[in-house]
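Remarks on the structure that follows.
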Amino acid sequence: MVDVIGAAELLSHDNPASRDSDAEKLAARLAHAQRLGNMGWAEWHMHSGETIWSDQVYLIFGRDPADGPIALPDLAKHVEHDDVGTLSRLLWSAVEGVEPVQAEFRIRRGGELRDLRVVLEPLMAPGGPVGLHGVIQDITGRRRAERMMSESRRQLLEAREQAAEERHVMLALREAILPDSAGGLHLPHANVAVRYVPAEKTASLGGDWFEAAPAPDGRLLLAIGDVSGHGLPAIAHMAQLRHALVGLAMTGQPAHRLLAWLNDLVLHQLKETTATAIIGHLDPETRVLAWGQAGNLAPILVRDGVASQLAQPRGVLLGAASERPYELATTRLLPGDLLLMFTDGLVERRTRDIDVGLDLALAAARGVPARDLDAGLDRLLADIGGPNPEDDACLLAVAVPGQIM
């Protein structure tokens with residue numbers, strides 16, 4: 001049986017029809033490989049002037065096979081003018097050397113520039129080179145993708161540089177608008193510290209703000225707020241709102257009345273904007289905080305090692321049309337108490353539920369010492385996860401010493 005099989009194989013190899021079939025298969029596979037790689041081969045014979053192209057080279061040049069291949073002396077006519085020098089150097093290097101050489105140049109095909117990669121090697125004879133053999137590949141798609149990627153990287157770098165510059169400008173503008181948050185106010189019966197924490201990653205800063213300053217009547221004005229949106233529009237609206245509060249507070253009116261005026265301002269002057277806020281007046285003698293809120297999370301009170309949120313008086317978002325008046329709540333602070341006001345950027349994160357953030361803030365607030373509020377606020381921010389990646393936050397702390405002076 002083995003001899004029969006071997007004989008059959010031998011006959012098949014000796015059969016001219018079989019050899020023709022194998023050659024056709026090989027040619028078909030070679031043509032298929034050329035199409036897949038968008039490449040072809042060419043030969044230029046110097047002495048006879050004969051030029052031979054594979055079918056794929058005609059497709060690369062967009063040339064009708066009936067017109068025949070392009071002779072070597074005429075090749076420069078089809079190359080982009082700026083790349084003719086590259087072609088000339090390639091040809092001289094191929095003729096004078098013995099190793100393959102390569103270069104890239106562009107041709108015009110139907111009005112479109114195409115990028116070609118050409119590898120040439122001399123056809124050697126005993127007396128020297130008699131022609132050139134070349135492999136020509138259309139790499140237009142690859143170079144176009146590389147250019148697009150390079151342009152995308154350039155645009156991304158420019159966008160990052162512009163965002164960094166805009167962030168620097170916005171931080172400088174905020175610093176010019178808001179008071180310095182470093183240090184605090186040391187009053188006879190209370191200490192106050194504030195923190196403005198910019199978003200960690202967001203290029204556009206938000207409209208969070210605070211105010212802590214003595215009022216003309218001797219009380220202490222305490223306020224925080226957050227204007228919707230990001231970027232320069234939010235900062236501009238924040239400046240208008242905060243400056244309006246400072247002016248309105250000179251009237252001596254209670255916090256809920258100030259909130260009502262600010263709501264009218266947002267409704268009629270800062271259209272398509274909303275804001276949250278807490279405003280309070282702390283009487284340094286009685287230590288009573290009279291406060292109101294507009295859509296803001298309630299402050300945290302730490303007393304005797306227990307942290308809890310204060311009961312929320314009624315109050316809608318600033319900029320929300322409502323006939324319901326803002327309410328005024330009063331909270332008497334006792335020796336050793338700590339009060340924390342904050343905007344939602346402190347506890348709200350995209351990656352966790354807001355209740356989780358509040359629980360973290362309540363737990364961290366218990367560890368803030370009244371005698372060193374600045375260090376305590378820094379530690380609290382670290383304990384709740386550091387700066388919010390996507391939103392600003394303001395934090396205002398009021399501590400009543402354990403012994404009243």
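The values are calculated or read from the model by the stated rules, or taken from the named source; none is laboratory data. If you're wondering where the values come from, they're calculated on a predicted model, not measured in any experiment. Cβ: placed from backbone, ideal geometry, glycine included. Neighbour counts: every protein chain shown.
Quick notes on this one:
- Number of the condition not met by Leu377 [criteria: (1) in contact with a helix residue (DSSP H, G or I) (Cβ under 7 Å, 6 or more places away or on another chain); (2) buried (at least 20 other Cβ atoms within 10 Å of the Cβ)]: (1)
- Every residue from the stretch 226-278 that is at positive phi and not acidic (Asp, Glu): Gly229, Gly231, Gly252
- Filtered by the rule that a residue be closer than 22 Å to Trp53 by Cβ and surrounded by fewer than 13 Cβ atoms within 10 Å (Cβ to Cβ), the stretch 130-164 gives a lone residue, Gly141.
- Count of residues meeting criterion [buried (at least 16 other Cβ atoms within 10 Å of the Cβ), part of a loop (DSSP other than H, G, I, E, B) and within 42 Å of the chain's Cα centre (by Cα)] in the stretch 307-336: 7
- Every pair of residues 6+ apart whose Cβ atoms lie under 8 Å, when the first sits in the stretch 69-83 and is at pLDDT below 90 while the second is assigned to a helix (DSSP H, G or I): Leu72/Leu91
- For the stretch 380-405, taking the residues that are surrounded by fewer than 20 Cβ atoms within 10 Å (Cβ to Cβ) and more than 29 Å from the chain's Cα centre (by Cα), the one that is modelled with the lowest pLDDT is identified as Met405.
- Verdict on His133 being in contact with a Pro (Cβ under 9 Å, 6 or more places away or on another chain), within 20 Å of Asn38 (Cα to Cα) and in contact (Cβ under 8 Å) with a residue 24 or more places away in the chain: yes
- Failed criterion for Arg219 (all others in (1) under 26 Å from Pro389 (Cβ atoms); (2) basic (Lys, Arg); (3) more than 36 Å from the chain's Cα centre (by Cα) hold): (1)
Residue-wise test of (1) surrounded by fewer than 16 Cβ atoms within 10 Å (Cβ to Cβ); (2) more than 17 Å from Val246 (Cβ to Cβ); (3) outside the structural domain of Leu339 (by TED's automatic domain parsing); (4) modelled with pLDDT of 90 or more.
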{"position": "Ala193", "(1), (2), (3), (4)": "no, yes, no, yes"}
{"position": "Val197", "(1), (2), (3), (4)": "no, yes, no, no"}
{"position": "Glu200", "(1), (2), (3), (4)": "yes, yes, no, no"}
{"position": "Leu205", "(1), (2), (3), (4)": "no, yes, no, no"}
{"position": "Ala213", "(1), (2), (3), (4)": "yes, no, no, no"}
{"position": "Pro216", "(1), (2), (3), (4)": "yes, no, no, no"}
{"position": "Leu220", "(1), (2), (3), (4)": "no, no, no, yes"}
{"position": "Ile224", "(1), (2), (3), (4)": "no, no, no, yes"}
{"position": "Gly231", "(1), (2), (3), (4)": "no, yes, no, no"}
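- Val302 being in a strand (DSSP E or B), within 21 Å of Val192 (Cβ to Cβ), in contact (Cβ under 8 Å) with a residue 60 or more places away in the chain and of a type in the set (A, V, I, L, M): yes
- For Glu285, the criteria (1) of a type outside the set (Val, Ile, Thr); (2) farther than 21 Å from Asp392 by Cα; (3) within 37 Å of the chain's Cα centre (by Cα); (4) loosely packed, with under 13 Cβ neighbours inside 10 Å hold in every case but one, which is (3).
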